[in-house]
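Scroll down for the structure; my scribbles are underneath it.
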Amino acid sequence: WTEYVVWSVGVAALIFYLSGTVKINVYNIDEEPIKREPHQIEVRVLESLDDTALVASIKEVITTTVRESNEKNELSRHYAAEELEIILGRFCDLEKHLATRLIYIASIDDEVAGCGMLTRATGEVRQMTVSPAFQGRGVGSAILREILAEARSSSLERLYLECPPVKRDWYARFGFVDCARRPSDTAAEFPGVNARAPMELVL
């Protein structure tokens, strides 16, 4: 009779376990961590340059994207090879940027997909960059939404940017409008005359 009772209890427990009614943790093992949805865009702020692999990935995304955009005439003008190297050198100076800007990194499945920056003191949006491999998937929008959220929670009164004319309509979707040009990091980083479109967003 005792063996029958033990057997019955065991069978009942197994049935409840399989039906999902009761979860039996036989070995008291910690629960599995919550897994992220595949292809989900994650945006975070770069805190330091200690992760050399991450820094290299960011620079690679910037370099690849700017080079391709220049080839497609999607920048404010077409830059000669010498000029482009100057621009890339300035763009990839993350140590300098980290001192004055918030650097946002977007990742998909732990791969750097894009980045963007917000100058803390002036509210200038800089270097919105999405890797060609991830374009058309909402990466740029995810980065800009994080920048807008940060700006609205700070003391900034407006955001300013200078973009290639072909990108004007994209920024207008987020509320940016044409405005007068003003001194900016953008002007300092791009050599020579070009056709950048100045835009602002009043917060």
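The values are calculated or read from the model by the stated rules, or taken from the named source; none is laboratory data. All values reported here derive from a predicted model rather than from experimental measurement. For neighbour counting, all protein chains shown are included, and Cβ atoms are generated from backbone atoms with ideal geometry for every residue, glycine included.
Things worth noting here:
- Scan of segment 61-98 for residues that are acidic (Asp, Glu) and either in contact with a strand residue (DSSP E or B) (Cβ under 7 Å, 6 or more places away or on another chain) or in contact (Cβ under 8 Å) with a residue 12 or more places away in the chain (or both), ordered by number: 68, 74, 83, 95
- Where residue 95 falls short, out of the listed (1) out of contact with any Cys (no Cβ under 7 Å at 6 or more places or on another chain); (2) buried (at least 16 other Cβ atoms within 10 Å of the Cβ): (2)
- Residue 76, sole failed condition from (1) of a type in the set (S, T, N, Q); (2) crowded, with 16+ Cβ neighbours inside 10 Å; (3) not in a loop (DSSP other than H, G, I, E, B): (3)
- Restricting segment 148-203 to residues that are small (Gly, Ala, Ser) and surrounded by 12 or more Cβ atoms within 10 Å (Cβ to Cβ), the residue that is nearest to residue 81 (Cα to Cα) is 187.
- Within the set 111, 83, the sole residue that is modelled with pLDDT of 95 or more and under 26 Å from residue 140 (Cα atoms) turns out to be 111.
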